[in-house]
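Each value in this text was obtained by applying a stated rule to the coordinates, not by laboratory testing. Here the structure is a predicted model, which is why all the values come from computation and not from measurement. We place every Cβ from the backbone using ideal geometry, glycine too, and count neighbours over all the protein chains shown.
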Amino acid sequence: MQIKRLTYLDFGKIKRLVSYLSPDYNDKLAKSIMEEPFGLINAMLPLPLKFKSESFILVENNEVLGLITTVKTAGNPYKINITRLIFKENMYDVGQKLVEFVIHKLGAKGATTFSVMIDECHDELFDLFINGCGFRLCSSETLWKCEKPAPQKTDLKWRYAQNSDSKKIAELYNSELEAIYKPSLSRHPKEFCEAVFSGLNDYYKTRYVIEENKKIIGYFSITTSDNLNYIFDITANSGYDIGYDRIINTMLCETAQKKRAFYPLIKQKKYIKDSYKLENCLKEMSYTPIQTRQILVKDYYKPVKQENTTQWNVFNLEDNYISTP
């Protein structure tokens, strides 16, 4: 067996691997492979300078048995997210070897935290990451969807976020985390800055802040990778009665100005203090939960114990609708 970086020369080998997937998924992976000139440059850069995701494949007898994709967290290159894992059905040893490979490879380059988000129904994948690779269950996120959004104008005062706001936004975000989750989920101010190579990302993200007396009391972002599905992410100061419905309607109006037809997806972060208030608001606004994903974390780089534990098992570990750091 050999694990190596995915290149466009491997396109023929993995074409059969992904041929049964949805056309959108197939095209997305093919596009990623065909961006190889950027990928080659990206592979040679140290973690702080990497600007796109990296994929690695496990090959045996010239046959691709599995694929894994990782991407650094924007603004914090030492936090690595695993966003895609594909391997033959029941060949969990292949999946484990790929996970261990990226932990060793990127850990040797300075990465200290690895995370993955898994749909709550994937029990076998939980076992692979937790028992096989030393990850631990941290928290979860739920996406809520509305089929027919009806934007309503509000009097909410907001402005576009600037990089100079990143410190205050990070302070707001970290203060709203439940204490038990702060060691693993706290964010650095740079994670709220616009990336230097943002134009090369597979998604488009707009950031906003809500201010009162020059104090940032709310932060929200709108992200899309297909100009159809838009993920709304909200963090509000629990000490202020801003009203989640006002924030959501503001985001709907902002999106409606650019797109006539779109699907809003509200992200409920279960590790935020006011998560239950957002949930109640979404129910009142007739939003429906469509996906809950568990967050697994490996906080420190260390060698993991090796275990050996025709169809394919495919785990797309990013959002069903967009790919975000």
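Things to note:
- Peptides 129-138, 285-294, 246-255 ranked from most to least packed give 246-255, 129-138, 285-294, packing being the mean of other C-beta atoms within 10 angstrom over each peptide's residues.
- Each part reduced to its alpha carbon centroid, the range 266-295 and the range 68-105 end up 27 Å apart.
- Taking Lys and Arg as +1 and Asp and Glu as -1, the other residues whose beta-carbon sits under 13 Å from that of Lys214 total +1.
- Computed from backbone phi with θ = phi - 60° and the Karplus coefficients 6.51, -1.76 and 1.60, the 3J(HN,Hα) list for the range 236-252 is 10, 5, 5, x, 10, 8, 7, x, 5, 5, 5, 5, 4, 5, 4, 5, 5 Hz; x is used for glycine and proline.
- Sorted on the mean count of surrounding Cβ atoms within 10 Å across their residues, most packed first, peptides 117-128, 165-176 read 165-176, 117-128.
- DSSP bridge pairs, the range 147-286: antiparallel proportion in percent, nearest 5: 80 percent
- Other residues within the sphere of radius under 11 Å centred on the Cβ of Glu279, judged by their own Cβ, net out at +2 (K and R +1, D and E -1).
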